[in-house]
Structures are given as C-alpha cells and as structure tokens.
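See structure below.
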Amino acid sequence: WCLSTATMLSLAAARAEVIPPHLSWTEDPQTTATVLWQCDQPGRGTVWYGPTTNYGFSVSDPGGLRRHILTLRGLQPGAMYHYKVLSDDGFETSDHTFWTAPPPTGSVDFVVHGDLQGGLDEYWARTVVNSIVADNPQLVVHIGDMAIEDPAYGVPGFSTWGTFFNLATDELENAVFMPTSGNHDDPAD
C-alpha cells in the first residue's frame, strides 16, 4: 500500500526526535510541494521559498508544533525552487532546491530506491544514498523497507527510523520523496 510522507513522519516520530525536512507531492505536483519536518521542541515552522536564494515567498504554521507539514502553492510546472526551513525553536536549514513536476510533455529525472532497512549495514546504505545524491534526481520513489521493525533481526519497535533519517538527510532535502511501505517498515508485519 502507499505510505504518505505524513504517515511516514508519524511512524518515525515514535522513535526519532528530529526528522529532517523532506518534500512530497500531496496535491498537484506541477504547482505544489509539501515540506515536512519534525523538531524536538514545539515551535512555529516556516518555509521560505522562491526561484532564487532571495526566496520571496513564505508559508508558516500556527505554531506550538513539533511536526510541521506546510504546502507550497502557486508554483510553476517544471521549475526549480530554492527553499529553507526554520522554526522559532532555533531550528534552521541551509538553502536546498527541488523541482516541480513538468508539464505533460516534459520529463522527470528520477531514482527508485529501496531496502535501506534503517541502515542495518550503514556502509552500504550510505554508499547508495551518496550515489543518489550525486545523481541529483528531481524525484526519489522509495519502494519500501526504509526502516526495519522486526524482533527477528534484533531491532524491535521503531529503533531504525532515526538511522534512516540520519543516512538519508541529503537525499530527502534535495528531491521530492515519494515513499511506499515495505514489509519491514511496520512492526505489525
């Protein structure tokens, strides 16, 4: 089944305190992008965005939140945007970029990623993530097993989500990330 990034954020939040910003398409992918992140302290979250590092646009949540989910609207199809995330608890990122989906006649540079399994083998997991980051795709389709929640592997509960976010931060911050759930992502499976 499909796992929304908001659901992934909720699952991961059971263990990880800080979840880096990541982008997803939750509405029209040509004209919107949704930025999600979680801080360890409640605050008012803001995303500054625009076609250059001067940004020019911002959207904020009402404040008092640890989990921030903000949708950027009115974007141009097939365009690159700069963005940075901050919250009044002191959390702030550097500048990052993302692309909106192209018009129907355009193309998307994408990568399919899967079986990171919370970085059980951190060397190989980091090698794969670094390769994806070096390719600089516009979209990452993750086919599941971002974490591994299986006592048979010695990792009960939500213990590997923090490792996943640590390993995949650069990948998540610089491409639209569309995940699906794998059999190891849910402790009930």
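The values are calculated or read from the model by the stated rules, or taken from the named source; none is laboratory data. Quick caveat: nothing in here was measured; it's all calculated off a predicted structure. No Cβ is skipped: glycine too gets one built from the backbone with ideal geometry, and neighbour counts run over all protein chains shown. Only protein heavy atoms, including side chains, enter the accessible area calculation; ligands, DNA and RNA are left aside. Shrake-Rupley method; radii C 1.70, N 1.55, O 1.52, S 1.80 Å.
Count of the stretch 22-51 residues, restricted to those that are closer than 22 Å to Gly63 by Cβ, among the charged types (D, E, K, R) and in a loop (DSSP other than H, G, I, E, B), is 1.
With respect to the conditions (1) in a strand (DSSP E or B); (2) modelled with pLDDT under 95; (3) open to solvent by 30 Å² or more (accessible area, probe 1.4 Å), Val59 lacks only one, and its number is (2). Please enumerate the residues belonging to the stretch 84-112 that are open to solvent by less than 30 Å² (accessible area, probe 1.4 Å) and among the β-branched types (Val, Ile, Thr). Result: Val85, Thr93, Thr100, Val111. Asp115: farther than 17 Å from Phe165 by Cβ, charged (D, E, K, R) and open to solvent by 80 Å² or more (accessible area, probe 1.4 Å), yes or no? Answer is no for this residue.
In summary, Tyr81 fulfils each of the numbered conditions (1) among the hydroxyl-bearing types (Ser, Thr, Tyr); (2) touching a residue at least 60 places away in the same chain (Cβ under 8 Å); (3) open to solvent by less than 30 Å² (accessible area, probe 1.4 Å) with the single exception of condition (2). When the stretch 141-162 is filtered for residues that are modelled with pLDDT of 80 or more and open to solvent by 10 Å² or more (accessible area, probe 1.4 Å), the ones remaining, listed by number, are Val141, Ile143.
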